[in-house]
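Working notes, beginning with the structure itself.
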Amino acid sequence: MKPETTEDILELMNGSIYAAVVGAAMELGLFWLLAEKPLPAAALAQHFNIPLNRCYYWLQILCKLGLLQDGGEGYAASAFTREAILHAQSQDTWAFQAREDRDLSWVVQDLALNISKPMPACQARDLAPADYFQQLEGDPGYTTH
């Protein structure tokens with residue numbers, strides 16, 4: 001996206017939030033669950049074991065992004081989501097991509113604080129290479145295959 005307005009710049013600064021929200025939806029299989037039938041926020045919160053307020057905000061951000069629709073019967077996958085996500089790749093493929101992106105996101109999380117340091121990202125975060133790999137190995141989505 002090429003920004004054209006101040007609002008566009010503000011939206012870009014929220015990019016990490018949007019990435020986390022969409023990534024969580026991919027990893028948890030939200031879009032596939034809602035492809036079957038619309039569900040209200042309370043049912044989704046219970047299904048995913050998420051506090052209701054947090055689930056509601058998560059769903060609202062996905063609606064703002066055009067990935068969900070909030071209809072009378074609950075939340076449903078939007079037409080765009082059905083075409084660009086559900087029909088494009090499998091749930092497992094999207095979940096894998098989301099985990100990969102999440103695993104790499106810590107490298108740029110504190111970019112403003114570490115960009116001037118002439119060292120690898122693992123050192124900037126006070127991790128030795130072995131600690132870095134230990135941290136990844138502790139992640140249930142990490143595999144060495």
Study note, to complete from the structure: Filtering region 49-105 down to residues that are small (Gly, Ala, Ser), within 13 Å of PHE31 (Cα to Cα) and assigned to a helix (DSSP H, G or I) yields ALA79, ALA84, ALA95
**Study point:** Neighbours by Cβ (under 6 Å, 6+ apart or cross-chain): first from region 38-56, over 19 Å from THR81 (Cβ atoms); second open to solvent by less than 40 Å² (accessible area, probe 1.4 Å) and in a helix (DSSP H, G or I)
**Key:** ALA45/CYS55; LEU52/ALA45
Review point. Of the residues ALA128, ALA84, ALA77, which is out of contact with any strand residue (DSSP E or B) (no Cβ under 8 Å at 6 or more places or on another chain), of a type outside the set (S, T, N, Q), open to solvent by less than 90 Å² (accessible area, probe 1.4 Å) and at pLDDT 80 or above?
Key: ALA84
Study note, to complete from the structure: Checked against (1) closer than 20 Å to ILE85 by Cα; (2) surrounded by 15 or more Cβ atoms within 10 Å (Cβ to Cβ), LYS64 satisfies every condition except (2)
Exercise for review: Look through region 14-45, keep the residues that are open to solvent by 50 Å² or more (accessible area, probe 1.4 Å) and more than 13 Å from ALA77 (Cα to Cα), and return whichever of them is modelled with the highest pLDDT.
Suggested key: ALA42
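Is it the case, given these coordinates, that ASP70 is open to solvent by less than 60 Å² (accessible area, probe 1.4 Å), acidic (Asp, Glu) and more than 16 Å from the chain's Cα centre (by Cα)? Explain how you work it out, then say what you get.
Working: open to solvent by less than 60 Å² (accessible area, probe 1.4 Å): no; acidic (Asp, Glu): yes; more than 16 Å from the chain's Cα centre (by Cα): yes.
Taking the combined requirement at face value, the residue does not satisfy it.
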Review point. Quick check: anything in region 2-10 at negative phi and crowded, with 17+ Cβ neighbours inside 10 Å?
Key: no
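The values are calculated or read from the model by the stated rules, or taken from the named source; none is laboratory data. Just so we're clear, the structure is a prediction, and the values are computed from it rather than from any experiment. Cβ sites come from the backbone with ideal geometry, for glycine too, and all protein chains shown count toward neighbours. The accessibility values were calculated without ligands, DNA or RNA, using every heavy atom of the protein model including side chains. Shrake-Rupley method; radii C 1.70, N 1.55, O 1.52, S 1.80 Å.
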